1. Where the convex hull is taken over the Cα atoms of region A:22-77, what is its projected area averaged over directions, in nm²?
2. Can you grab the distance from the C-alpha centre of region A:143-159 to the C-alpha centre of region A:34-107, Å, no decimals?
3. Interface size between chain B and chain A, please: total buried accessible area, 1.4 Å probe, rounded to the nearest 100 Å².
4. Just going by the charge dipole of chain A, with Lys and Arg at +1 and Asp and Glu at -1 on Cβ, which of A:102, A:145, A:15 is farthest out on the positive end?
5. Restricting attention to the alpha-carbon atoms of region A:47-94, what are Rg (one decimal) and Dmax (integer), both in Å?
6. Given a 1.4 angstrom probe, what's the average accessible area per residue across chain A, in square angstrom?
7. Got the relative contact order for chain B handy, in percent, Cα pairs under 8 Å and 6 or more residues apart?
8. When the Cα atoms of region A:94-163 are enclosed in a convex hull and the volume is divided per residue, what value in Å³ results?
Amino acid sequence: MVADPVPLQLAAELFPNGISRYAVGGLFVGLGAAVIYVGTGISAGASTFLESTLSYVSGQSRFQQYVASRDWRLVFTLGIILGAAVYAVAYQGGAWTTDVAWWRLLLGGIFVGVGTRVGKGCTSGHGVCGVGSASKTSLAGVLAFLLVAILTAQVVAALGVTP
Amino acid sequence: MPLVLVGGLIFGFGLGYSHMARPEVVLNFLQFEDFGLLFVMFGGAAVTGIVFFVMPRVLDRAPLTGDPFERRLKSFDRNVLVGGAIFGVGWGLSGICPGAAYASLGIGNVTILWALAGMFIGAYLQGWWRSRATDDVDPSPTGAD
């Protein structure tokens, strides 16, 4: 890990884990999207994978529009999994599992599945590529999901649901 | 395809390195206990922002596909806000978003399969519903999300 600059260490209350891990990780995330864009002109996003992959098994007309892109999306997702695995082997020292309750993951996942598709993007499509494009639509999308997510997480925490 | 794989690898490594692949870290952020996560999204957007700005001025077309370099611009309508809000509920409840969920599987988090199953169920539900809606107008079928 890279050491944080001194002034930022003073902001320890806001950043109890420092910022280097986040900033370096974010740069890699952006770099990954940038590499794909430079070579192919594609601005990559992660949530369309859900629908494009469903087109392999479902004949619903909504999914058919993603048939052309479903192969590279599968490869992209495979890359994400492998890349995270490289991190796990190199830095994490083995597997890590969450303590967040299964029903939160499942229920939250359903909302994420509906919401990202209706809203035309997720944290990578709107957040990284859309904001990078200075797209007003994406900025609005990011604000919408960020504010509602904060509200939801605060309510859940206030209800005493941990973890 | 190999390039997409490499890009995905870097992308996934970043999600792992930033700890964003851990739902707990995302929830800590949303509960104002650790603002570091802001650096992930805006750090990523800063890199793509520069590349999206520079590439169209350097090259006419992408070398591998021959596609023109375009910014990621989606049409704005009510769906962006409605969908964003629904996504927000899910993100705030579970601490998981699509890219980070795939990456979470990569760091050995098998519990995340619950969230992945939920996402596919959710995506299928809206697809099933919108396949039936006659007035479904989504003018951006080729865009990547």
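The values are calculated or read from the model by the stated rules, or taken from the named source; none is laboratory data. All values reported here derive from a predicted model rather than from experimental measurement. Note: ideal-geometry Cβ built from the backbone for every residue, glycine included; neighbour counts use all protein chains shown. Only protein heavy atoms, including side chains, enter the accessible area calculation; ligands, DNA and RNA are left aside. Shrake-Rupley method; radii C 1.70, N 1.55, O 1.52, S 1.80 Å.
1. Working: hull surface 16.9 nm².
Projected over every direction and averaged, the Cα hull of region A:22-77 covers 4.2 nm².
2. 24
3. Between B and A, the summed buried area is about 10700 Å².
4. A:145
5. 14.2, 44
6. Details: 6470 Å² over 163 residues.
Solvent-accessible surface per residue comes out at 40 Å².
7. Values: 77 pairs, mean separation 42.7, N = 145.
That works out to 29 percent.
8. Working: hull volume 7.5 nm³, N = 70.
For region A:94-163, the hull spanned by Cα atoms encloses 107 Å³ per residue.
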